[in-house]
Structures are given as structure tokens and as C-alpha cells.
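Asks: This structure is in C-alpha cells; I'll ask about it shortly.
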Number of protein chains: 2
Amino acid sequence: MQTVQRAEPQNFERVLTSMCTEPHPKAREAAERFLATNPGDPGTYKTVAKLEDQAVEMLGEIAGLPDPSGYITSGGTEANIQAVRIARNHGDSRAPNIVAPESVHFSFRKAAELLGVELRTAPTTDHRADLDAMHELIDEDTVGVVGVAGSTEYGVVDPIPEIAELAADAGALCHVDAAWGGFYLPFTDFDWNFEHADIDTLTIDPHKGGQAAVPAGGLLARSRELFDDLAIDTPYLESTSQITLTGTRSGAGVASAVAAMEALWPVGYREQYERAMDNAEWLADALSDRGHEVFGPELPLVTADLSVPMTDELRDRGWRVSKTGAGEMRIVCMPHVTRSMLRSFVADLDWY
Amino acid sequence: MQTVQRAEPQNFERVLTSMCTEPHPKAREAAERFLATNPGDPGTYKTVAKLEDQAVEMLGEIAGLPDPSGYITSGGTEANIQAVRIARNHGDSRAPNIVAPESVHFSFRKAAELLGVELRTAPTTDHRADLDAMHELIDEDTVGVVGVAGSTEYGVVDPIPEIAELAADAGALCHVDAAWGGFYLPFTDFDWNFEHADIDTLTIDPHKGGQAAVPAGGLLARSRELFDDLAIDTPYLESTSQITLTGTRSGAGVASAVAAMEALWPVGYREQYERAMDNAEWLADALSDRGHEVFGPELPLVTADLSVPMTDELRDRGWRVSKTGAGEMRIVCMPHVTRSMLRSFVADLDWY
């Protein structure tokens, strides 16, 4: 028998660290049907190219942007790289920099290295962007200012309207990374999207809270012109130019994003958000009751400063957990994380 | 009913232009099973991470490289971008350039724009790299020299050993783009791989001739050290650093690559190559008999200088065809392209 047939994919029963999740059944079905299509070649694969337009339209609706421009990326990293590339190409500095809170995802470090842009990160206050600290880092070579709407490590939402003002004052573009938060934030009171602030580009990933199949990230831009500087001619394709980072792309991801959003926006996503927040709050209380110092949930993510180094023991019991850079245990309450799963987890913690 | 359920994916009955194809049944099955996994987070998704090691091992076998380093990319574009990034970071020029034949895929122009590297393209002779022309473009700022083993437009294989020598003489890295050709070339007499020449990095895509599901490209490197300069710390993951361009990645692509290679290497791929070449030769003869000027097949790809601008009429009949930059019609004989399909195509051509 072949190796791959013997291999069992990770099940989600004990996964508490991933920001991906089990695809919605309709998303899975759509992914399977569109497995052999390539939206990177829209002249040949016309149907999936139309689905991509629809996915962008729906992402725009979720992010408060009528008539959005954008595309379905391989994930948040590609979307963030492309946003930094847009800012670099749009600016006119020979030594461009991007200013962001230190809570930005590591994909911005990757983007900076790749693109020859300096990434300047400002200290945060309680894990939230500090506007004064960011302001101090901005100079005439600043081409982009970044806010995070749902940070990877702590689930914190930065003050996006004020960050957009910082960007506007600097003559720089404003990018918001809502890769993970984007499917929860519509049901909160946070100001985070194109409607709330003068944002230029935004990352929002269907394959995270959107319950689409990997790979389905999302990049939105307020105007199509922002993509113009990225266009590369494509001589041999039926289409004529390409603004994406990758070439061949996954039609499965695109189709599953549309299927998930058609199935869940807005009612299903609201229910999912409320359930996830209930679970996160329950977990925060349970950990707090046991004497741990807990942060969150601001969105459905909890960190706790566990007093014993128990990560390895938990891993031995099959739990997939991770730590923040500061060493706290970090639990992400994705749709596959149920209350009974959290009860078992806390029971295992009590065992020590 | 939802839009996505009404949408029909492109079938391959009349697709003559794509370098992707229908996945092998075992590749499709593996992709479906591993749809909800992410090799970008190997600490959490351990099984698919092991499958990725196996995919790289098998690609190394195909490309003549024992103990290979590399990973499964989103496609050839990511692999080529990363190869240029490796060359840039490995070199020590402040104004780095890459020298390539003008036949290189447009992803190199994308890589150059992205990475701030100058792309110098040399004229070709009969669509093949011209060594003298390339040599003239090389200077002390040349960090990489590129050869193409199976060009996108004409299916031509460059003289790779000589190109590797040019690179070595210049103190630059040598990259080979065998994204499309890599699964055909083992059954030819061409010198194209790590065994034949002092190549540093090579692109070879399972989701093209390998019959894996999109997204499954491949990047191989002779030594692991070449990836060191790309590593970005990943504080919150269970793993500690990341050398890929994208972050979250498709486990479906990885698993399907292993499944396809287990099913087809080497006997199935040889049969596929021979059938594809027979078809391409049949088509070349049929077009030549009708008075068209034909180029190829060197690998299973044919171009023809059609005397009437018939592409639009053929598209109206459902044929998915494309043109080269010079305006010739270009037909790629992928595994889904059968003799009877080509007979229908030629019959439609005769109709004009």
C-alpha cells in the first residue's frame, strides 16, 4: 500500500493552536469539485474566475467596501506581502519603510526582507498599537502604516481609524491585517473596516474564520489603481496581465470561499462568533479560577501565563498548543473547538 | 440554489493551452483527504509535514539529487521567485542582476520587480538559450544564471551544463526552471538535472506533468544552507522558523503530489510522456501537411504560425487555445489531451 494511503490527516479533536479549521461541508464539496481549476489562468478557467469576482464582492460586503478590488490569495502571508508591495510601489521613496505595531504577524518581516522595505515596529500597550509610539517612527520615507484587527498572538484589535489618520498625515497607504479577525469583527463594536476608516488595503482570510478550505486568503483594495503597479505581462496566457504574487492558483480555494460565504454570511458567521466567544470566555474564567494570569478574550483567543512548563506534557496527550513569543500558552477558539473539548483540556491541565 | 452549486468547473475536453491537467485519481483522492491540513504549520499538522519530506525526496529522485532540500510550493512562480531570492541573498551585490534567456517564464519578471533584482534577458537562437549572448550580459553583479528545461512557449530545453558553467565562472548560482519539463525530461536524452550539471536550485511542478492537484509546485536545492538566508522566525507556531514564500499552505497539494508520484513514477510517467510525444508529433505533422509553419515538438508542445487569425473562431467552438508572444498558436499536449481530441481540433481547423 502506498504511504499516502496509510497517512492519516490531522484531525481537529485536540487542535487548539491553528487559525485554520475544518471547512464547512459546502466549502469542502465546492473545493473537491473545483480541484482541477486555476484562477491564475482566467481565460481558460472562466467559471472559477467568475467565482473569484464573486468571492471578492462578498468579502467587500463583509469589510464594508462596495465595488471592491482584490483577489483570493494563497493566505494571509501573500495578502500582507502584496499590501507591502503596493505601498512600496505606490510611494516614491528610495529607502521605503513601513510602520506597524510590534504585534504584527511575522509575514510583515518576510515581506520586508523580500521587498527591500524597512519594517519599523512600535511597542504596544497591553498588546494594542500605541499611536504615539507609531507616530514617532513615521518619517518622509514611510510608505505604509499597518494596523492589526485581531492580532495573531493575543486577538487584539488596534485603533484602526486613528492609524488610518496617521497614514493619511504621512502621505502613506494604510493597510489593515484582519486575516483572522475579519470574519468575527462584523459582529463586534470595533471600528476596523473600510467603512470605519480611510483604509487602502485589507487582508481577510476565508480559510480562517470563514471556514473555507485552504488555500483561500483574501486581499481587498479600495481602488483598482493600487494594483496597477503590480501588473506583469503574461504573453502566453489567454489573459494579458497578472497582479497576483503566485501564478497558478487554487480553484478549490476560490470555490470553497464562495460556498462558505454563501452558506454562512451573515447568520452562520454571527452564530459561530457568539459560540466561539462564549467558549473563549468560559476558558478564560476556568484558567483564571485556577490562578493563572489570563489575557483575553477580545476576540475568540485566550492566552494564559501558565505557572508550570506544561506544554510538552500536553503535547504528549495529543493537544496541539503553542506559545506566544513571551511564553504564554495561546488557545484559539476556532469553529472546531467545542466546549467539551475545552473541558477535557482543562481536566488535563488539572491533572498536573 | 447557491451560485457555486450552479457553477460548472472547466472540463478538459477542449483545453489545449493549460500546463495543468486533470489530477490522477489517486492524487485527487489524497487531495480530498488532506484538504484541511496546513504544512505551513508542521508542528500542528505533523502527518502532512512528513508527506512533504517524502514529496521532496521523490522529486530529488526524479531530478537526480540524492538528499535534496526543498519544499512543495504553490506553483512554479513561487519556486522561481524563491530561487531568485536565494540568489540575491546569497550574492553580495548592492545592485544584483540575474541573467536568463529571453524564453524564461514571466514569473522571473515578477521576481525581479518584487525583489529589486535586475533581470537581463539574452536573445535566443531558435528559441534556445544562446550562450554567447548570455555570457555578454554577465558581470560582477550577476548573482544568478537561469536555464530553462522545457520552455513555456516552445517546450525547448536549454544547454543546462554549459549554463551551469557560465554561472560557476561568474561566481553566481545556477537555477533551472523545469516547472513543466521536469516530469518528461527523465525519459529523454537531454542533460537537464542535478546529476548532469552543477545546478544549485531547480523548479519542478507536480501539478503540471506530475498529475498532482493544484497547488503543488516544487523547489529543490542542492544544499540546505541555500535556504538559511530566507528563514523568518515564527514565534507563535509550534515550529520555529519558515523559509517558504507563503505561510499557510495547501496540504491537499502536498498529499496529492506524493500520491501521484507513488502511482506514476517511473513507469506511468514514461508511458504518459511517450503518449504525449506521439500526440504532439501527430499534431505537428497534421498542421505541417496543411501548410502551416510548425515548431516542435521538442517536448510535448507544438506551435504553428497559422495563416489566418482563427483563435477567436476556435474559442467560439469551445477550444481553449493561446498564442505565443510572437503570435503563433500554441498547443500543449498534457495527459488529458487525447488523439481523438486533436483529431476534432484539426477537423475544426479544416472547416475554415
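The values are calculated or read from the model by the stated rules, or taken from the named source; none is laboratory data. Only a predicted model underlies this, so the values are computations on that prediction, with no experimental measurement involved. As a convention, Cβ positions derive from the backbone with ideal geometry for all residues, glycine included, and neighbour counts pool all protein chains shown. Just so you know, the surface numbers come from the protein's heavy atoms only, side chains and all, with ligands and any DNA or RNA stripped out. Shrake-Rupley method; radii C 1.70, N 1.55, O 1.52, S 1.80 Å.
Asks: Is at least one residue of the range A:56-75 closer than 30 Å to residue A:304 by Cα and outside the structural domain of residue A:298 (by TED's automatic domain parsing)?
Replies: yes
Asks: A further question on this structure: Among the residues of the range B:67-83 satisfying the criterion of being crowded, with 23+ Cβ neighbours inside 10 Å and of a type in the set (Ser, Thr, Tyr), which is farthest from the other protein chains (Cβ to nearest Cβ)?
Replies: Per the stated criteria, the residue is B:71.
Asks: Kindly indicate whether residue A:247 is farther than 30 Å from residue B:151 by Cβ and not hydroxyl-bearing (Ser, Thr, Tyr).
Replies: no
Asks: Further question on the same structure: Of the residues that make up the range A:5-27, is at least one open to solvent by 10 Å² or more (accessible area, probe 1.4 Å), modelled with pLDDT of 95 or more, over 14 Å from residue A:257 (Cα atoms) and among the small types (Gly, Ala, Ser)?
Replies: no
Asks: Taking the condition assigned to a loop (DSSP other than H, G, I, E, B) and either under 16 Å from the mean Cα position of the chain (by Cα) or more than 9 Å from chain A (Cβ to nearest Cβ) (or both), does residue B:218 pass?
Replies: Taking the combined requirement at face value, the residue does not satisfy it.
Asks: If you scan the range B:186-203, which residues turn out to be more than 14 Å from chain A (Cβ to nearest Cβ) and touching a Leu at 6+ places or on another chain (Cβ under 8 Å)?
Replies: Result: B:188, B:192, B:193, B:194, B:195, B:200, B:201, B:202.
Asks: Tell me which residues, restricted to the range A:1-42, are more than 7 Å from every other protein chain (Cβ to nearest Cβ) and not in a helix (DSSP H, G or I).
Replies: Result: A:1, A:11, A:12, A:13, A:14, A:16, A:19, A:21, A:24, A:39, A:40, A:42.
Asks: What is the residue count in the range B:84-100 for residues that are more than 13 Å from every other protein chain (Cβ to nearest Cβ) and within 26 Å of residue B:207 (Cβ to Cβ)?
Replies: 3
Asks: OK, next. In the range B:332-343, how many are more than 16 Å from residue B:294 (Cα to Cα) and in contact (Cβ under 8 Å) with a residue 40 or more places away in the chain?
Replies: Residues flagged as more than 16 Å from residue B:294 (Cα to Cα) and in contact (Cβ under 8 Å) with a residue 40 or more places away in the chain within the range B:332-343 amount to 7.
Asks: Name the one entry in A:254, A:267 that is crowded, with 24+ Cβ neighbours inside 10 Å and under 21 Å from residue A:210 (Cα atoms).
Replies: Being crowded, with 24+ Cβ neighbours inside 10 Å and under 21 Å from residue A:210 (Cα atoms) holds for just one of A:254, A:267, which is A:254.
Asks: Follow-up. For residue B:56, state whether it is in contact with a helix residue (DSSP H, G or I) (Cβ under 7 Å, 6 or more places away or on another chain) and in a helix (DSSP H, G or I).
Replies: Judged against the criteria, residue B:56 is not a match.
Asks: For residue B:59, indicate whether it is at the interface with chain A (Cβ under 8 Å from one of its Cβ atoms), among the aliphatic types (A, V, I, L, M) and either crowded, with 24+ Cβ neighbours inside 10 Å or touching a Lys or Arg at 6+ places or on another chain (Cβ under 9 Å) (or both).
Replies: It is false that residue B:59 is at the interface with chain A (Cβ under 8 Å from one of its Cβ atoms), among the aliphatic types (A, V, I, L, M) and either crowded, with 24+ Cβ neighbours inside 10 Å or touching a Lys or Arg at 6+ places or on another chain (Cβ under 9 Å) (or both).
Asks: Based on this model, can you work out whether residue A:7 counts as touching a residue at least 60 places away in the same chain (Cβ under 8 Å) and among the aliphatic types (A, V, I, L, M)?
Replies: no
Asks: Scan the range A:124-150 residue by residue and report those that are part of a strand (DSSP E or B) and either surrounded by 21 or more Cβ atoms within 10 Å (Cβ to Cβ) or in contact with a Ser or Thr (Cβ under 7 Å, 6 or more places away or on another chain) (or both).
Replies: Answer for the range A:124-150, where residues must be part of a strand (DSSP E or B) and either surrounded by 21 or more Cβ atoms within 10 Å (Cβ to Cβ) or in contact with a Ser or Thr (Cβ under 7 Å, 6 or more places away or on another chain) (or both): A:124, A:129, A:142, A:143, A:144, A:145, A:146, A:147, A:148, A:149.
Each row is one residue, and each column tells you yes or no for (1) at pLDDT 95 or above; (2) small (Gly, Ala, Ser); (3) surrounded by fewer than 24 Cβ atoms within 10 Å (Cβ to Cβ).
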residue	(1), (2), (3)
B:169	yes, no, yes
B:174	yes, no, no
B:187	yes, no, yes
B:198	yes, no, yes
B:206	yes, no, no
B:220	yes, no, no
B:230	no, no, yes
B:247	no, yes, no
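Asks: Hey, among B:78, B:153, which residue is among the acidic types (Asp, Glu), within 30 Å of residue B:270 (Cα to Cα) and part of a loop (DSSP other than H, G, I, E, B)?
Replies: So the residue among B:78, B:153 that is among the acidic types (Asp, Glu), within 30 Å of residue B:270 (Cα to Cα) and part of a loop (DSSP other than H, G, I, E, B) is B:153.
Asks: Filter the range A:89-123 for residues that are part of a helix (DSSP H, G or I) and within 21 Å of the chain's Cα centre (by Cα) and give the result.
Replies: Hits for the range A:89-123 are A:107, A:108, A:109, A:110, A:111, A:112, A:113, A:114, A:115.
Asks: Working only within the range A:265-298, note down all residues that are of a type outside the set (D, E, K, R) and touching a strand residue (DSSP E or B) at 6+ places or on another chain (Cβ under 6 Å).
Replies: Matches in the range A:265-298: A:280, A:283, A:284, A:287, A:288, A:292, A:294, A:295, A:296.
Asks: Can I ask one more? Looking at this structure, is residue A:47 β-branched (Val, Ile, Thr), open to solvent by 10 Å² or more (accessible area, probe 1.4 Å) and either out of contact with any helix residue (DSSP H, G or I) (no Cβ under 6 Å at 6 or more places or on another chain) or more than 7 Å from chain B (Cβ to nearest Cβ) (or both)?
Replies: yes
Asks: Taking residue A:257, is it touching a Phe, Trp or Tyr at 6+ places or on another chain (Cβ under 7 Å), assigned to a helix (DSSP H, G or I) and over 17 Å from residue A:87 (Cα atoms)?
Replies: The answer is no for residue A:257.
Asks: Of all residues in the range A:310-334, which are outside any strand (DSSP E or B) and under 26 Å from residue A:191 (Cβ atoms)?
Replies: A:324, A:333, A:334
Asks: What number of residues in the range B:318-340 are open to solvent by 40 Å² or more (accessible area, probe 1.4 Å), away from chain A (no Cβ under 11 Å) and in contact with a helix residue (DSSP H, G or I) (Cβ under 8 Å, 6 or more places away or on another chain)?
Replies: Here the count works out to 2.
Asks: For the range B:224-250, enumerate the residues that are facing another protein chain (nearest Cβ under 7 Å), assigned to a loop (DSSP other than H, G, I, E, B) and more than 24 Å from the chain's Cα centre (by Cα).
Replies: B:234, B:235, B:236, B:237, B:238 - these are the residues of the range B:224-250 that are facing another protein chain (nearest Cβ under 7 Å), assigned to a loop (DSSP other than H, G, I, E, B) and more than 24 Å from the chain's Cα centre (by Cα).
Asks: Also: For the subset of the range B:271-309 comprising residues that are open to solvent by less than 30 Å² (accessible area, probe 1.4 Å) and among the β-branched types (Val, Ile, Thr), which member is farthest from residue B:185 (Cα to Cα)?
Replies: B:303
Asks: Continuing with the same structure: Would it be correct to say that residue B:204 is touching a residue at least 12 places away in the same chain (Cβ under 8 Å) and within 24 Å of residue A:251 (Cα to Cα)?
Replies: yes
Asks: I'm told residue A:64 meets every condition in (1) of a type outside the set (S, T, N, Q); (2) assigned to a helix (DSSP H, G or I); (3) in contact with a His (Cβ under 8 Å, 6 or more places away or on another chain); (4) surrounded by fewer than 23 Cβ atoms within 10 Å (Cβ to Cβ) except one. Can you identify the failing condition by its number?
Replies: Exception for residue A:64: condition (2).
Asks: While we're here: Does any residue of the range A:189-198 turn out to be in a strand (DSSP E or B), touching a residue at least 12 places away in the same chain (Cβ under 8 Å) and not β-branched (Val, Ile, Thr)?
Replies: The answer is no; no qualifying residue exists.
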